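A short write-up of the structure that comes next.
The values are calculated or read from the model by the stated rules, or taken from the named source; none is laboratory data. Just so it is clear, the structure is predicted and the values come from calculations on it, not from any experiment. Here Cβ is always computed from backbone atoms with ideal geometry, including for glycine, and neighbour counts include all displayed protein chains. For accessibility, only protein heavy atoms count, side chains too; no ligands or nucleic acids. Shrake-Rupley method; radii C 1.70, N 1.55, O 1.52, S 1.80 Å.
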Amino acid sequence: MSFLPMKRPTVGLCIRAHSLSAVELERDWRTGWRAKRVRRVAERPLPVGLVRPSSTELNITDVVKLADEIQMLVDRAGPTAVSLGLPDVCARTVLFDFDTLPTKPDECAALIRWRFQKELNVSADAGRLGYHVFRLVPGQSS
């Protein structure tokens, strides 16, 4: 399996509870990626209950059925670089800057949950919290 060379996404795919949307781009062979054009815009309704946006439960009830729906919408053979949009309730990524953090993992998680709720006005209690601490190199400013 090769991860390089990386390709720019040519398809934007948005998964929502009741529908899939796709925007496909193509490049103008004369100008490369400087002049992208929209090749196609499409939307496809999804069967009720196939996708359930949730931060605590499984979001997809039938992965094979969703893959089939995506294949019918995008209608491309072979691998394609895709930019994916999901409802906020499914996943949220945030970077917080702290001067210091507690050394105990439980206290650290509680502080991050509190900050998440305070700054984003979103309850972090219903979802699963995963975090990673990135430390600044001494002498480097943020």
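Of all residue pairs spaced 6 or more apart or on separate chains, those with beta-carbon atoms under 9 Å, a first member in segment 104-121 that is closer than 19 Å to V89 by Cα and a second member that is open to solvent by 60 Å² or more (accessible area, probe 1.4 Å) are I112/Y131; R113/D125; F116/R92; F116/S123; Q117/S123; Q117/D125; L120/R92.
Could you tell me which of the residues Q140, Q117 is of a type outside the set (F, W, Y), at pLDDT 80 or above, out of contact with any Lys or Arg (no Cβ under 7 Å at 6 or more places or on another chain) and more than 30 Å from P9 (Cβ to Cβ)? Please lay out each step first, then the result.
Numbers: Q140 fails: at pLDDT 80 or above.
So the residue among Q140, Q117 that is of a type outside the set (F, W, Y), at pLDDT 80 or above, out of contact with any Lys or Arg (no Cβ under 7 Å at 6 or more places or on another chain) and more than 30 Å from P9 (Cβ to Cβ) is Q117.
K104 passes every criterion in (1) over 28 Å from L20 (Cβ atoms); (2) modelled with pLDDT of 85 or more; (3) open to solvent by less than 100 Å² (accessible area, probe 1.4 Å) apart from (3). One residue stands out in segment 46-88 among those that are touching a residue at least 60 places away in the same chain (Cβ under 8 Å), more than 26 Å from G130 (Cβ to Cβ) and part of a loop (DSSP other than H, G, I, E, B): the one that is nearest to the chain's Cα centre (by Cα), namely T80.
Scan segment 68-84 for residues that are small (G, A, S) and under 12 Å from L13 (Cα atoms) and the total you get is 2. Would it be correct to say that R27 is in a loop (DSSP other than H, G, I, E, B), surrounded by 12 or more Cβ atoms within 10 Å (Cβ to Cβ), in contact with a Phe, Trp or Tyr (Cβ under 9 Å, 6 or more places away or on another chain) and at pLDDT below 85? No.
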